[in-house]
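The values are calculated or read from the model by the stated rules, or taken from the named source; none is laboratory data. This structure is a prediction, so every number in the text was calculated from the model and none was measured. For neighbour counting, all protein chains shown are included, and Cβ atoms are generated from backbone atoms with ideal geometry for every residue, glycine included. Note: areas computed on protein heavy atoms with side chains; ligands, DNA, RNA excluded. Shrake-Rupley method; radii C 1.70, N 1.55, O 1.52, S 1.80 Å.
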Amino acid sequence: MTYQRSFKDRVRVGLVGVGSHAYRNILPALTFLPVDLVALADVNEEHAFRTAAQYGVERGYPTAAEMYANENLDAVLICVSPQLHPSLAIEAFHAGLHVWIEKPAAATVDEVDQMIAARGDLICTVGYKKVFMPAAVKVRELVAGDAFGRLRTLLAQYPLTIPLGTPAGENSMWLANGCHPVSLLLSIAGPVAGVTVHRAKDDAGALLIRHHNGVLSNVHLSHGSPFGQPFERYTFFGEHATAEIDNTRRVTFQRGIPFDYGGTTSFAPEGLDSGAIVWEPQDTFNTLENRSEFTQGLYDELRYFLECVLKNVPPQLGHLEFARQVAAVHQAALLSDNQEIDIKDKV
């Protein structure tokens, strides 16, 4: 995919929430997207006014409602804590605006249902960046191909704990970041039927997701992994091959080699029809494909939302119905204590 420096059609957007995440990630990504950033809103008026001045926005507002009442917007980007997402999204829908919400959409299935009920014909997507990152797009392509064969199992490694019995809306790493591996696995293997959590004595453990199609996903909760080193890995096992994502920036397609047990003498046989294929960004040039806004999916998740708005087509990725499945896994995992929580009738 090639970036366009100028866009014929642009979306007039407002941004709700200009905290650390928006400042580090969302606002920089907008540089490359077909948007006119018209206004900002934040309960911290100083942040709103200072950020508005920095980005050449005429006005900052203390509330989203005041921004909606005074500005001519097409859409709003909501980047606040997940507990506030449902009420702010519903408020935006009532104002007739398309909505992009930072992940996770909400803490519970009921909250997502409220947003679905209020959405009507408006477009809404959620910023599950792992679904949109180039590595995930490539893996979905590989998994759909004949060379991969039938998808069998998935393995994820992510440093999380899932506290048993904690209220779904309580702040935790599971609420804030558990949706990263869960959303990626669901985007590859499909809807979930059951969830089981096994906890070790040191708060590490494993999350098992049984998908409707019979595929099983295993999230290794590698609690204790240092955040200052690469810690996120995914492997997708197929009938004929495997695909791997390492540190969001490296995709490996393992096709195997002609093999005779006890007879094969070379791991690198002649030709290019077997063995591994690897994709990873170069870091010599300061170009777009190696920037974190692009490798982590921030650009693509926002671009996808804006394209849906400009074309007036319903999203096929990252929509609220998908967010409902992610929320169902979030809730079920908090309840599971070595037993499966059946959620197939709830999503």
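Taking residue 257 as the residue in question, decide whether it is part of a loop (DSSP other than H, G, I, E, B) and farther than 30 Å from residue 28 by Cα.
Yes; evaluated as a whole, the condition is true for this residue.
Please pick out the residue among 169, 165 that is open to solvent by 40 Å² or more (accessible area, probe 1.4 Å) and either in a loop (DSSP other than H, G, I, E, B) or modelled with pLDDT of 95 or more (or both).
When all the criteria are applied, what remains is 165.
Say whether the condition of being free of Cβ contacts under 8 Å to residues at least 60 places away in the same chain and under 13 Å from residue 333 (Cβ atoms) is met by at least one residue in the stretch 118-127.
No, every residue in the stretch 118-127 fails to be free of Cβ contacts under 8 Å to residues at least 60 places away in the same chain and under 13 Å from residue 333 (Cβ atoms).
Yes/no per residue for (1) farther than 30 Å from residue 161 by Cα; (2) part of a helix (DSSP H, G or I):
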residue: 251; (1), (2): no, no
residue: 316; (1), (2): yes, no
residue: 324; (1), (2): no, yes
residue: 331; (1), (2): no, yes
residue: 334; (1), (2): no, yes
residue: 338; (1), (2): no, no
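Can you find even one residue in the stretch 119-127 that is basic (Lys, Arg), modelled with pLDDT of 95 or more and surrounded by fewer than 15 Cβ atoms within 10 Å (Cβ to Cβ)?
no
List the residue pairs whose Cβ atoms are under 6 Å apart, where the first residue sits in the stretch 240-267 and is farther than 17 Å from residue 140 by Cβ, the second is assigned to a loop (DSSP other than H, G, I, E, B) and among the β-branched types (Val, Ile, Thr), and the two are 6 or more positions apart or on different chains.
Between residues of the stretch 240-267 that are farther than 17 Å from residue 140 by Cβ and residues that are assigned to a loop (DSSP other than H, G, I, E, B) and among the β-branched types (Val, Ile, Thr), there is no close pair.
In this structure, does residue 156 turn out to be under 28 Å from residue 226 (Cα atoms), touching a Pro at 6+ places or on another chain (Cβ under 8 Å) and touching a residue at least 24 places away in the same chain (Cβ under 8 Å)?
Yes.
Residues to consider are 156, 147, 136; find the one that is closer than 23 Å to residue 241 by Cβ, in contact with an Asp or Glu (Cβ under 9 Å, 6 or more places away or on another chain) and of a type in the set (A, V, I, L, M).
From the options 156, 147, 136, the qualifying one is 156.
Can you tell me which residue within the stretch 7-26, out of those that are among the small types (Gly, Ala, Ser) and modelled with pLDDT of 95 or more, is farthest from residue 62 (Cα to Cα)?
Residue satisfying both the conditions and the ranking: 14.
Can you run down the residue pairs with Cβ atoms below 6 Å, 6 or more apart or on separate chains, where the first is in the stretch 218-236 and over 18 Å from residue 173 (Cβ atoms) and the partner is of a type in the set (Asp, Glu) and open to solvent by 50 Å² or more (accessible area, probe 1.4 Å)?
Cβ pairs passing all conditions: 235/244.
Need the failing condition index for residue 69 against (1) within 23 Å of residue 107 (Cα to Cα); (2) out of contact with any strand residue (DSSP E or B) (no Cβ under 6 Å at 6 or more places or on another chain); (3) not basic (Lys, Arg), just the number.
Unmet condition: (1).
Got a number for residues in the stretch 267-282 being surrounded by 10 or more Cβ atoms within 10 Å (Cβ to Cβ) and part of a loop (DSSP other than H, G, I, E, B)?
Final tally of qualifying residues: 5.
Just wondering, is there one or more residues in the stretch 221-232 that are out of contact with any Leu (no Cβ under 6 Å at 6 or more places or on another chain), open to solvent by 10 Å² or more (accessible area, probe 1.4 Å), of a type outside the set (Phe, Trp, Tyr) and not in a loop (DSSP other than H, G, I, E, B)?
Looking through the stretch 221-232, none of the residues is out of contact with any Leu (no Cβ under 6 Å at 6 or more places or on another chain), open to solvent by 10 Å² or more (accessible area, probe 1.4 Å), of a type outside the set (Phe, Trp, Tyr) and not in a loop (DSSP other than H, G, I, E, B).
Could you tell me whether the stretch 300-318 includes any residue that is exposed (fewer than 14 other Cβ atoms within 10 Å of the Cβ) and either among the small types (Gly, Ala, Ser) or touching a strand residue (DSSP E or B) at 6+ places or on another chain (Cβ under 6 Å) (or both)?
no
Each row is one residue, and each column tells you yes or no for (1) modelled with pLDDT under 95; (2) surrounded by fewer than 20 Cβ atoms within 10 Å (Cβ to Cβ).
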| residue | (1), (2) |
| --- | --- |
| 50 | yes, yes |
| 58 | yes, yes |
| 66 | no, yes |
| 72 | no, yes |
| 80 | no, no |
| 83 | no, yes |
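Are any residues in the stretch 187-215 closer than 15 Å to residue 333 by Cα and either open to solvent by 10 Å² or more (accessible area, probe 1.4 Å) or outside any strand (DSSP E or B) (or both), and if so, which ones?
196, 198, 199, 200, 203, 204, 205, 206, 208, 210
From (1) assigned to a loop (DSSP other than H, G, I, E, B); (2) more than 24 Å from residue 191 (Cα to Cα), pick out the condition that doesn't hold for residue 289.
That leaves (1) as the condition not met.
Considering only residues of the stretch 144-160 that are modelled with pLDDT of 95 or more and in a loop (DSSP other than H, G, I, E, B), which is nearest to the chain's Cα centre (by Cα)?
Among those that are modelled with pLDDT of 95 or more and in a loop (DSSP other than H, G, I, E, B), it is 144.
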